[in-house]
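Notes for the one structure printed next.
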Amino acid sequence: MAEHYRTISKKEKTEIVIQKSRFIGHVAGVETEEEALQFLDGIRKEHREASHNCFAYVVGKKQEIQRFNDDGEPGGTAGMPILEVIKNNGLTNVIVVVTRYFGGILLGAGGLVRAYSQAAAEVIRKGGISIYTSSL
């Protein structure tokens, strides 16, 4: 019996600026939680001067593993919105990291949720979605 799942087509990066803060979205396909953490580690090294490297990932054909982190942003304003964008697209085996360089203007909780969601949605759109089939 074949099983279908949706994931990202290609590794991609995008940048948006909201009230002087730079939000850089990164997306990659991953097969394991370890691959997701390696990708995250690479982004953290590349952007070690950033204010925040918030992320979410979903791994497993049935989305068994789901993790997110706000990396110092107020609770629930970064990682969870990124995870929701992934889930709303029905994706698995994917990680999204949104790097923020603070621009000096506080965005508030609602502004942060919108900014992180927008960056995640844009990088997923840019990376494209593929449907894969695997046999059980």
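The values are calculated or read from the model by the stated rules, or taken from the named source; none is laboratory data. Please read all numbers here as calculations on a predicted model, not as lab measurements. Glycine gets a Cβ as well: all are built from the backbone with ideal geometry, and neighbour counts include every protein chain shown. Surface accessibility is based on the protein's heavy atoms, side chains included, excluding ligands, DNA and RNA. Shrake-Rupley method; radii C 1.70, N 1.55, O 1.52, S 1.80 Å.
Return the residue satisfying two criteria in turn: it lies in segment 9-32 and is in contact (Cβ under 8 Å) with a residue 60 or more places away in the chain and of a type in the set (S, T, N, Q), and of such residues it is surrounded by the fewest Cβ atoms within 10 Å (Cβ to Cβ).
Filtering first and then ranking leaves GLN19.
In this structure, is HIS4 in contact (Cβ under 8 Å) with a residue 40 or more places away in the chain and surrounded by 13 or more Cβ atoms within 10 Å (Cβ to Cβ)?
No.
Output the residues belonging to segment 37-51 that are under 16 Å from TYR101 (Cβ atoms) and either loosely packed, with under 13 Cβ neighbours inside 10 Å or among the basic types (Lys, Arg) (or both).
Result: ARG44, LYS45, ARG48, GLU49.
Cβ-Cβ below 9 Å, separation at least six or inter-chain, first residue in segment 85-110 and under 18 Å from GLY75 (Cβ atoms), second of a type in the set (Asp, Glu): which pairs?
ARG100/ASP71; ARG100/GLU73
Please work out which residue is most open to solvent (accessible area, probe 1.4 Å), limiting yourself to segment 91-136 and to residues that are among the small types (Gly, Ala, Ser) and not in a helix (DSSP H, G or I).
My answer is SER135.
Residues of segment 16-38 being over 18 Å from GLY60 (Cα atoms) and in contact with an Asp or Glu (Cβ under 9 Å, 6 or more places away or on another chain), which ones?
ILE16, ARG22, PHE23, ILE24, GLY25, HIS26
Can you tell me how many residues within segment 57-78 are small (Gly, Ala, Ser) and either crowded, with 16+ Cβ neighbours inside 10 Å or touching a helix residue (DSSP H, G or I) at 6+ places or on another chain (Cβ under 6 Å) (or both)?
1
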